[in-house]
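The values are calculated or read from the model by the stated rules, or taken from the named source; none is laboratory data. No experiment lies behind these values; they were computed from the predicted model shown. A quick note on method: Cβ atoms are made from the backbone with ideal geometry, for glycine too, and the neighbour counts reach across all protein chains shown. Surface accessibility is based on the protein's heavy atoms, side chains included, excluding ligands, DNA and RNA. Shrake-Rupley method; radii C 1.70, N 1.55, O 1.52, S 1.80 Å.
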Amino acid sequence: MKKINIGNGEISASEISLGCMRINEITSNDAASLISTALEQGIDFFDHADIYGDGKSEEVFAEAIGTTNYSREKYMLQTKCGIQPGYFDFSKEHILNSVDKSLKRLKTDYIDVLLLHRPDTLMEPEEVAEAFTKLHSSGKVKYFGVSNQKPMQIELLNKYLEQNIIINQLQLSITNTGMIDSGLNVNMENNASIDRDNSILEYCRLKDITIQAWSPFQYGMFAGVFLDNDKFPELNNKINEIAKIKGVTNSAIAVAWILRHPAKIQTIVGTTKSSRLKDICQASRIELTRQEWYEIYRAAGNKLP
Ligand SMILES: NC(=O)c1ccc[n+]([C@@H]2O[C@H](COP(=O)([O-])OP(=O)(O)OC[C@H]3O[C@@H](n4cnc5c(N)ncnc54)[C@H](OP(=O)(O)O)[C@@H]3O)[C@@H](O)[C@H]2O)c1
C-alpha cells in the first residue's frame, strides 16, 4: 500500500483509508475480520464520525481493533463532529462534547484528525478556534480539518485558527466529478463549466490541504453503486476492459482512477466486506495511464471541450 503525505507532510498515511460509516451494520466477528484485513493490507487510517450508526460505528470499531495486536501508534483515527439531528452545530460546547464522547466510544485517549463535518452557517469562527486550541493543548486531538467546505469557508476559519487545516473531505467518484469538470470546461457555455465549489480542487492543492474522496463507488448522494449497474453501460464496459488489462477488479479501477490524480487524493472506501476490501487495495499497485484516465472520464458521459 502506497503512502501519501497528508497536509503539508504533517502525517504520512495509506492512500486508501477505510471509512467506518457502515460497520454498525455488520456483526462483531465480521467487523474484526474487516479491520484486521485493512491493517494487513497496509491501511493505517480509519475514518469515523460521531453520527455514524448514531455512535455505534465507533464502538464496533473499538471492539474490532481491540481483537488485533496492533498498538495505537500503528494506525490513525479520524472522526468528525458538527451534525446534529436536523441542524448543524459548530459551537464550542458541541465540538468539545462530541470529541469526549468519540474518545470514549473509540476507547482511545487521542484522535489523530478531527474534521468539521458539514458547514454550519451559524458558525462563530472564534468559538471553533477556542475549541480546537483546547483540544490540541489537552492532547485530545493532534490535527484538524474540514469536510464539504469551499475555499472561502476555509479562509474564514483560517483567519481565527491557530492550527492548520490539513484535510478537506469531499464527495468524489467517477460519476461525481464537479470539482474536475469545471476546471476542464473553463470559458465554455455548458453546464459542466459551472464552478459550484469555487475551484476547491486547485485551492486545496495550492494550500497543501489533502482532499479525501468520500463515497468513491456511489453515484448521486447515496443513490447506489455505479459498478455493474445497467444505468452506466458505457462506463462499466470501459472500466471492465481496463480492469482486465491491469488484472484487477472493477472496484480497484474505480479507486485507481481517483488515486491517479496528481492532487494526491486519499480515498475513503466504505465496504464492509473483507474480500472486497482486498480487491480494492489492488488499486494501490497499479497506475492508470493519462489516456486510460480520460477514457474512463469520457465513458462516464463527460465531454471534453
Ligand atoms: N464527509 C462526508 O460528508 C461523508 C459522507 C459519506 C461518507 N463519508 C465517508 O466515506 C466513507 C465511504 O462512504 P460510502 O460507504 O458511501 O462509500 P463507497 O465505498 O462508495 O460505498 C460502499 C458501499 O457500496 C457497496 N458496494 C456494492 N458494490 C460495490 C463494489 N463493487 N465496490 C465497492 N463497494 C460496493 C458496499 O457494500 P459492501 O459493504 O457489501 O461491500 C458498501 O455498502 C464512509 O464510510 C465515511 O467514512 C463521508
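Based on protein heavy atoms only, the chain ends up with 46 Å² per residue of surface accessible to a 1.4 Å probe. When a/c reaches 1.5 or more, the comparison of a/b and b/c decides; with that in mind, is the chain rounded, prolate or oblate per its Cα gyration tensor? The shape class here is oblate. Taking amide H positions as modeled 1.01 Å from N, with prolines and chain starts lacking one, the residues under 5 Å from Q84 and 5 or more places away or on another chain are D89. Phi-derived couplings, Karplus 6.51 cos²θ - 1.76 cosθ + 1.60 at θ = phi - 60°, listed residue by residue for the range 171-184: 6, 8, 8, 4, 9, 9, 10, x, 5, 8, 4, 5, x, 7 Hz, with x used for Gly and Pro.
For a protection proxy built on the mean count of beta-carbon atoms within 10 angstrom, sort 185-195, 1-11, 43-53 highest first, please.
43-53, 1-11, 185-195
Mean separation of Cα pairs under 8 Å and 6 or more residues apart, divided by the residue count, gives the range 1-120 a relative contact order of 24 percent.
Take 243-256, 67-80 and order them by the average number of nearby Cβ atoms within 10 Å per residue, most first; the result is 243-256, 67-80. Where the accessible area of the chain is counted over protein heavy atoms with a 1.4 Å probe, how much of it, in %, is carbon and sulfur? Looking at the chain in its full context, I get 47 percent from C and S. Note on K231 and T289: the model spin-label points, each 7 Å out from Cα along the C-beta direction, lie 3.2 nm apart.
Structural descriptor for the chain: relative contact order 19 percent, calculated from alpha carbon pairs under 8 angstrom and at least 6 residues apart. Estimated purely from DSSP H runs of n ≥ 4, each contributing -39500 (n - 2.57), the mean residue ellipticity at 222 nm for the chain is -11500 deg cm²/dmol once divided by its residues. Under the criterion of Cα pairs below 8 Å and six or more residues apart, the relative contact order for the range 133-198 equals 28 percent.
Quick check: pseudo-label points 7 Å beyond the Cα along Cα→Cβ at N29 and A263, how many nm apart are they? Once both label points are built, they end up 4.2 nm from each other. Each Lys or Arg adds one and each Asp or Glu takes one away; over the other residues whose Cβ falls under 12 Å from the Cβ of N191, this sums to -1. Most tightly packed first, judged by the mean number of other beta-carbon atoms within 10 Å of their residues, the peptides 219-229, 200-210, 22-32 read 200-210, 22-32, 219-229. The phi torsions of the range 114-129, fed into the Karplus equation with coefficients 6.51, -1.76 and 1.60 and a -60° offset, translate into couplings of 10, 10, 7, 5, 9, x, 10, 5, 8, 4, 9, x, 4, 5, 4, 4 Hz, rounded to whole numbers, with Gly and Pro shown as x. Couplings 3J(HN,Hα) for the range 101-107, derived from phi with the Karplus relation 6.51 cos²θ - 1.76 cosθ + 1.60 (θ = phi - 60°), are 5, 5, 4, 5, 5, 7, 6 Hz, where x marks Gly and Pro. Rounded to the nearest 0.05, the FRET efficiency derived from the C-beta distance between S193 and D109 at R0 = 51 Å is 0.60.
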